[in-house]
1. Using 7 Å Cα-to-Cβ label points, what is the Arg100/Arg189 separation (nm, one decimal)?
2. Run the quick spin-label model on Tyr160 and Glu228: label points 7 Å from Cα toward the beta carbon, then report their separation in nm to one decimal.
3. Taking the Cα atoms of region 48-230, report the difference between the largest and smallest coordinate on each principal axis, in whole Å and largest first.
4. Counting other C-beta atoms within 10 Å, which of Val153, Val207 has the fewest, and how do the rest follow?
5. For Ala149, project a label point 7 Å along Cα to C-beta. Then give me every residue of region 64-97 with its amide nitrogen under 16 Å of that point.
6. For region 48-230, with only Lys/Arg (+1) and Asp/Glu (-1) charged at the beta-carbon, what is the dipole magnitude about the Cα centre, in debye rounded to 20?
7. If Lys and Arg each add +1 and Asp and Glu each add -1, what is the summed charge of the other residues whose beta carbon sits under 10 Å from the beta carbon of Gly85?
8. Be a star and scan region 49-72 for residues whose amide nitrogen sits under 19 Å from the point 7 Å along the Cα-to-Cβ vector of Glu119.
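Just so it is clear, none of the values below were taken in a lab; they were calculated from the coordinates. All of these numbers come straight from a predicted model, not from anything done at the bench. Every residue, glycine as well, gets a Cβ built from its backbone with ideal geometry; the counts of neighbours run over all protein chains shown.
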Amino acid sequence: MAMASFVFSREREREKVFASPSEEAGNKLLIYEHEHVYDPVSGRPLTGAWIWDSAVFLSEWLISSPARRTSFDFAGKTVIELGAGAGLPGMTAAAVLGARRVVLTDVEALVPGLMKNVEANGLGDRVEASRLVWGSGEWPSRLAWLEAAADVVLMSDVMYDAEAMAGLAETVKKVCSKGTKVWAATEVRASTGDCLAELEKTGFGIVQLPSQLGEGLPHRFDDFVIFELIPPTKKES
């Protein structure tokens, strides 16, 4: 079985290659990490332009988890990634798993980097990138078609600020229908429990999923978990 690995050179932009752990897929994804991206208001560096381990963990789980592979087929599905950063999980859904249409979303400053990664992998016919701010009330007109239309919502490393969870919950609810799968990968931190509690307050059910990644993978993520978030509309059905 081929291994998931990153090979990168540190230049002005760090370049990484994600090699699928799925032997039959034989796919590699080229990911550019952008080092000099800043919040236009605060001036702080936006570290979302980097690949974090939770994005790797989610991508490997999507490809190699026996439970996921037997219970859900991405072929022909519509996927939205929230807080996409460099876009690895969403592009994995398109390039490796056969999703029909993928929308990568994040704050405005990260969209050019997402578009570059989409173009670098020749995925422009299936993957697009768009600005989307959680809970802002400003829903981009170009994403109007996505309301209640996503088959899958992917998130990684979004559970770090409990105060942001209400906005995240509002956005997730907007794109979900009764059959939508919502999967979030996170490194367990001191703030994780508070974030989950805030999501539960908004009506979400939360299930921790088995995170076994299939044999032969070099990554061991003892402090990482996958949660399935069950939207209120689905719980009540």
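1. Going by the 7 Å Cα→Cβ label model, 3.7 nm.
2. Taking the two extended label points, one gets 2.8 nm.
3. Sorted from largest, the Cα extents of region 48-230 read 40, 37, 31 Å.
4. Details: Val153 20, Val207 9.
Sorted ascending by nearby Cβ count, the order is Val207, Val153.
5. Counting only backbone N, you get 76-81.
6. Dipole of region 48-230, to the nearest 20 debye: 660 debye.
7. That sum, taken over residues with Cβ under 10 Å, equals -4.
8. 49-50
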